[in-house]
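What follows is a short report on a single structure.
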Amino acid sequence: MDPVINTFGLEPMSSTVSGPNVAATLAQYVSPHGTRAFIITDAGVNGAGVVKPITDALTTAGMKWQVFDQVSPNPTDLNVVAGVAAINKFGLDGTVVVLIGGGSVMDCGKYIALAAPNGVDHVGLAFAPELDANDRIDFSTLAPKFSASKPGLPTIAIPTTSGTASETNGAGLITDTSDPAHHRKLLFVNPLLRPRTILLDPTLTVGMPAKGTAACGMDVLTHAIEAHTSVKSNPYGDALALHAIRLVAKYLPIAVKNGADLEARANMQIASHLAGRAFSSGPQLGMVHALGHPISGQLHQAHGQTLATMLPHVMRFNRDVVAERYANVGEALGTEVDPDAAIAAVEKLSATVGTNRKLSELGATSDNIGALTQDALRDLTILTTPRYPSRGEVHELYAKAL
Ligand SMILES: [Fe+2]
């Protein structure tokens, strides 16, 4: 892929403010976009006491606010129904949606911000593509059932995990539970949903348990590797991705071992953000995400863990077509400038932080592989993978991971 010169464009970025305790300055960033804050979070973040200091600061600033915390891990259409009802009750006029949480909160909150003004309370704004006769995405089935005629409400993002970097883009995933036998994760994209302001406050990530920290860190690593090896990679994304990999290699083991290490937390938060900007600048993602999403959707596993489980297998599958790129990854990880050394270093890092778990340890048996394969092939992140797989090859990758 190296001889290919990809066309790319750099769009204006969201205003980003990074530093300890910047979350408390939220009110000044709401004011340019509205007069009231509807805060979307989850029960875990709310219960951990992360939200209260922020709402206290809003109260001090004389700003009206309300908290909605009914977002599930791997958020669903049911969370959308509840969120849209709550924000309609609060009122949409002058409302800014503030997202405080990890990727699930960001994704669900962005969807609610778009759905509410459009009178939608279902997943019809997301893509649900089917496959053609060659098991590729059938573009004639790509358009969402409903299109948004109105822009979404303005959003502000305050991440509490260092993983998905959902704050860097206007996309997300919502699980459609309408078929109880087959929950499917659906992608939605709307550039206007990209948060107006991002507040990166590392103190909010300090309380995250080691297991979650590790899984989120492997999400960051995967974003960077997939952005760098995407068929739509570009030099801007490459620079961000490779530095994100350097930071992950240095700081993830420290953040997992000692969650109170603010330097490690701050650097992982920046790594997450850089990797998010990398893939959101055009490269998008790849097959690790395409294979990971169905494991989350169907087996209710943490996103980062599903990626950690699939990453080495997909890297081996892609190795020969992106060998030079993987050599760069090896260098950034601090090992040899060599593709096989890179794969070995990824496996070693995963073992160090405890995410080296087999697919069977995530609740899968060989009976699940058919349905997982079907959804992986229908996942839009597969479109930018450097070596497009057949159905049999996806099946085999899941079987190897089992
Ligand atoms: Fe991800």
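Summary of computed values
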{"read-out": "Residue within segment 321-328 that is within 16 Å of the ligand (Cβ to nearest atom) and either closer than 23 Å to Y388 by Cβ or touching a residue at least 24 places away in the same chain (Cβ under 8 Å) (or both) present", "value": "no"}
{"read-out": "Within segment 100-212, strands (runs of 3 or more DSSP E) holding 3 or more residues that are hydrophobic (A, V, I, L, M, F, W, C) and modelled with pLDDT of 95 or more", "value": "155-159, 197-200"}
{"read-out": "Selection count, segment 24-40, where residues are touching an Asp or Glu at 6+ places or on another chain (Cβ under 9 Å) and aliphatic (A, V, I, L, M)", "value": "3"}
{"read-out": "Residue satisfying all of: in segment 270-320; away from the ligand (no atom under 13 Å from the Cβ) and at positive phi; surrounded by the fewest Cβ atoms within 10 Å (Cβ to Cβ) among these", "value": "H300"}
{"read-out": "Filter pass, V231 being more than 19 Å from D107 (Cα to Cα) and surrounded by fewer than 22 Cβ atoms within 10 Å (Cβ to Cβ)", "value": "yes"}
{"read-out": "Per-region count, segment 345-381, residues in contact with a His (Cβ under 8 Å, 6 or more places away or on another chain) and of a type in the set (A, V, I, L, M, F, W, C)", "value": "3"}
{"read-out": "Verdict on A376 being in contact with a Pro (Cβ under 8 Å, 6 or more places away or on another chain) and assigned to a helix (DSSP H, G or I)", "value": "yes"}
{"read-out": "Of residues in segment 155-202 being among the charged types (D, E, K, R) and more than 15 Å from the ligand (Cβ to nearest atom), the one surrounded by the most Cβ atoms within 10 Å (Cβ to Cβ)", "value": "D201"}
{"read-out": "Residue satisfying all of: in segment 213-254; charged (D, E, K, R) and in a helix (DSSP H, G or I); farthest from the ligand (Cβ to nearest atom) among these", "value": "K250"}
{"read-out": "Within segment 138-162, tally of residues that are aromatic (F, W, Y) and either out of contact with any Pro (no Cβ under 8 Å at 6 or more places or on another chain) or closer than 17 Å to P32 by Cα (or both)", "value": "1"}
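The values are calculated or read from the model by the stated rules, or taken from the named source; none is laboratory data. Here the structure is a predicted model, which means the values were calculated and not measured. Cβ coordinates were reconstructed from backbone atoms using ideal geometry, including for glycine residues, and neighbour counts include every protein chain displayed.
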